[in-house]
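Here is the structure we will look at.
The values are calculated or read from the model by the stated rules, or taken from the named source; none is laboratory data. Everything quoted here is computed from the prediction, not taken from an experiment. Here Cβ is always computed from backbone atoms with ideal geometry, including for glycine, and neighbour counts include all displayed protein chains. Calculation scope for accessible area: heavy atoms of the full protein, side chains included, ligands and nucleic acids excluded. Shrake-Rupley method; radii C 1.70, N 1.55, O 1.52, S 1.80 Å.
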Amino acid sequence: MRLTSFGGAAGVTGSKHLLETEGGRLLIDCGMFQGEKSGRLRNWEPPPFDPRQVQAVLLTHGHLDHCGYLPRLVREGFRGPIYTTRAGREVARVILLDSARVQENDADQANREGWSKHRPALPLYDTADVERTLHRFRSAEYGRPLRLGDAEVSFHYAGHILGAAGVLIDDGNARVWFSGDIGRPCDPVMFPPRPPEAVDALVMESTYGDRTHPPGVPEDQLAEVLSGILARQGVLLVPAFALGRAQTLLVLLDRLLHRRPELELPVYLSSPMAAAVSELYRNFPDEHRLSAEDLDRVFSRVRIVEHAQRARRLDRKDGPFVLIAGSGMLTGGRILGHLLAHGEDPDNVVLLTGYQAPGTRGRTLLDGGRELKIQGRRIEVGARVEELQGLSAHADCDELRQWVQAASEPPRRVWLVHGEAPARAALAAGLRDDLGDEEPLRVRELPEGETLDISP
Ligand SMILES: [Zn+2]
């Protein structure tokens, strides 16, 4: 088997790993580049491989940086099946339709208001492209092998978001495990990730390879933020996608407000897909820790705002209240309008909850920048910016190392992907301590664009 990565190796977005076996070519993940402009421009270039020669796509999970390029791949000629878990398929449906809607809206608005350099501004893909892509999806059961040509493929629970899986591929000659994104052992919503089996190569994410999440859940920090909001009658803006971190945050809020009822305040989830997402949690009860009663209680606390017009009313509303809206890294979506309305007021707080990729507005805020350009306007963010640590959907450095050590046999090689340079280097050093480092180099950072042999 030969492996070439065309994205999501040296960075965290645009994951695309091409695996060539005797029998054909498989693409593991097909993500969109987000953040840095140089990356975003890569979404518009022709793919660096022929999509018609790809036999099938294996999708680890429905986050845009893993599935967001699929509709474009189909537009460029891909005609094979896309395999993922049953829940992964439903998540990808919601996320891809939302992605098309956001891009169509952005292009329309840019054309109406004339703030784009492109005349006319175009979406990368539209709803019709997404519909064509959804027809190509096929479901896989966790742990049940599928035959694809000469290869056997199986999906294994990863605990990162609903439907997230690691993918094991065995072509009879060598075995390789793609981790996708790896969840945490003690997440309030998801179960722990399943450790890898014995493999010749483990291709593994390293997003938080240089970080340790604080222990426990961040209820105290959240309590402090809420009391500040109540005291100042402010608005707490939480950029979070409607699926994943938003539910974890709602679970935390539910626990906290049960314990500290004096912190009670209205919570809004502003998302056109919020209802579809709550259904997903109900339809896949085996994927997460929440019972039907938990879901009823957690969702009864939140006021769902699906219609854009009602969402705009929140922009004129006085605090105190909590407003959760996507996208989580402030790259698009409803949160931008809400930030234009509430971001300048120093009584308000912007609470970042997840990983912020370089080049995103979320990263600018996290790094101390306060001037943002949104829809052709510049705003100076006067609201306080805080990071809610410990709400991450990704395992941290120690958790990633423990996950590898839990393998039934140590992997013969580990190739690190999906991390900024310091994160990859730190995790590589940690894994070399754990696994030893004889030649050929057992742990290395997978270079982008270079083809590596996976031999047994
Ligand atoms: Zn992810």
Per q in 0.17, 0.20 1/Å, what log10 I(q)/I(0) does a Debye calculation on the alpha-carbon atoms of segment 219-387 return?
-> -1.03, -1.41
Using modelled backbone amide H atoms (1.01 Å from N, in-plane), which distant-in-sequence or interchain residues come within less than 5 Å of residue 374's amide H?
-> 379
Quick one: if you stick a label point 7 Å off each Cα along the C-beta vector at residue 308 and residue 220, how many nm between them?
-> 4.4 nm
Alpha carbon Rg of segment 71-182, scaled by the compact-globule rule 2.2 N^0.38 Å | 1.33
Over all viewing directions the Cα convex hull of segment 44-117 casts an average projected area in nm² of 5.7 nm²
Per the 1/(1 + (r/R0)^6) rule, R0 = 60 Å and r from the Cβ atoms of residue 22 and residue 126, FRET efficiency to 0.05 is 0.95
In order through segment 235-244: 3J(HN,Hα) via Karplus (6.51 cos²θ - 1.76 cosθ + 1.60), integer Hz, x for Gly, Pro = 10, 9, 8, 10, x, 7, 5, 5, 10, x
Work out, in µm²/s and without decimals, the Stokes-Einstein translational diffusion coefficient of segment 285-361 at 20 °C, 1.002 mPa s, Rh from Kirkwood over C-alpha pairs.
-> 147 µm²/s
So how exposed is residue 6, as accessible area in Å² (1.4 Å probe, rounded to 10)?
-> 40 Å²
Short version: ³J(HN,Hα) in whole Hz for each residue of segment 132-145, in order, from phi by Karplus 6.51 cos²θ - 1.76 cosθ + 1.60 (θ = phi - 60°), x for Gly and Pro, what are they?
-> 4, 5, 4, 5, 8, 6, 10, 8, 10, 8, 4, x, 9, x
Under 26 Å from residue 317, Cα to Cα: lysines that are on another chain or at least 8 residues apart | 373
Quick one: Cα convex hull volume of segment 124-185, Å³ per residue?
-> 131 Å³
Quick one: Debye curve from the alpha-carbon atoms of segment 366-456 only, equal weights, vacuum; give me log10 I(q)/I(0) at q = 0.20 Å⁻¹ to two decimals.
-> -1.03
Under 5 Å from the placed amide H of residue 303, counting only residues 5+ away or on other chains, we find 267, 268, 269
Computed over segment 68-162, protein heavy atoms only, probe 1.4 angstrom, the accessible area per residue in square angstrom equals 45 Å²
Taking amide H positions as placed 1.01 Å from N in the peptide plane, with prolines and chain starts having none, which residues 5 or more places from residue 152, or on another chain, fall under 5 Å of its amide H?
-> 170, 171, 172
Excluding residues on the same chain fewer than 8 positions from residue 16, give the lysines whose Cα lies under 23 Å from its Cα.
-> 37
Per residue convex hull volume, Cα only, segment 162-289, in Å³ is 147 Å³
Kirkwood Rh, Cα atoms: Rg over Rh of segment 1-135 = 0.98
Using just the alpha carbons, could you tell me how many Å³ per residue the convex hull of segment 1-41 encloses?
-> 58 Å³
In vacuo Debye sum over C-alpha of the chain, base-10 log of normalised intensity I(q)/I(0) at q = 0.07, 0.08, 0.11 Å⁻¹, listed in q order, is -0.33, -0.44, -0.85
Evaluate Rg over Rh across segment 272-319, taking Cα atoms for both radii and Kirkwood's formula for Rh.
-> 1.09
Once Rh is set to the Kirkwood radius over Cα pairs, what Stokes-Einstein translational diffusion coefficient, in µm²/s, holds for segment 377-426 at a temperature of 4 °C and a viscosity of 1.567 mPa s?
-> 89 µm²/s
Carbon and sulfur together cover what percent of the accessible area of segment 409-456 at a 1.4 Å probe radius?
-> 49 percent
What does the charge dipole of the chain about its Cα centre add up to, to the nearest 20 debye, if the Cβ of each Lys and Arg holds +1 and the Cβ of each Asp and Glu holds -1?
-> 1480 debye
